[in-house]
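See below for the structure under consideration.
Here, each number is a calculation from the coordinates, and none is a lab measurement. It should be emphasised that the depicted structure is a prediction, and the values quoted were computed from it without experimental measurement. No Cβ is skipped: glycine too gets one built from the backbone with ideal geometry, and neighbour counts run over all protein chains shown.
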Amino acid sequence: MKICFPIDEDKGLASRIHGRFGSAGTFMLVDSETCRIEDVRSHDPLAGPVWSFDGWQVDAVVVGNIGARTLAELSRSGLRAFQACKPTVAENLEFMAQSGLRELTSPEFREAFGPGFGMGRGLGQGTGRGAGQGAGRGAGRGAGRGARRGLGPAAGAGRGCRF
């Protein structure tokens, strides 16, 4: 099987998997049966989608994280996507040969990496005002200081990432 890995920089099979498929600048094509690197190519993430792979014969991709639209587009192109569970290309190839990597499909992906919601507490500070009264003959100054802390609920949304 020909597998494409998004990598941080080319260090052979010791290359680290890039955390996000769509923003990777370098891709490595490896034959999973022989563990031989067939090609390494650079890609400008701003140039657009990479799923055509410029003529590579790719069967699957192993990713750290991937967007739902990109995953759907890869699936439509007939490519399989697997979740990387180790930091390097060699470790993922070994793990794939021994017990297999988890294949990502659109419904599973949404459950595992969909939006998450959480509650938090907000902290706020306010200013205080003070007034003084004149002391003797109507002359006096006023000064005041105050601090107010506000605790209130806050909602957040986030995504999970393995790397």
What full-extension length gain, to one decimal in nm, is calculated for Glu103 and Ala90 as 0.36 nm per residue of separation minus the Cα-Cα distance?
2.9 nm
Stokes-Einstein D for the stretch 1-108, Kirkwood Rh over Cα pairs, 20 °C, 1.002 mPa s (µm²/s):
158 µm²/s
What's the FRET efficiency of Asp10 with Arg76 using the Cβ-Cβ distance as r and R₀ = 25 Å, to the nearest 0.05?
0.30
Summing Lys, Arg as +1 and Asp, Glu as -1, what charge do residues with Cβ under 12 Å from the Cβ of Gly25 carry, Gly25 excluded?
-2
What is the gain in length, in nm to one decimal, between Ala68 and Glu33 on full extension, counting 0.36 nm per residue of separation less the C-alpha to C-alpha distance?
9.7 nm
Report, by chain and number, residues whose modeled amide H sits under 5 Å from the one on Phe82, excluding near sequence neighbours (fewer than 5 apart, same chain).
Val61, Val62, Val63, Leu104
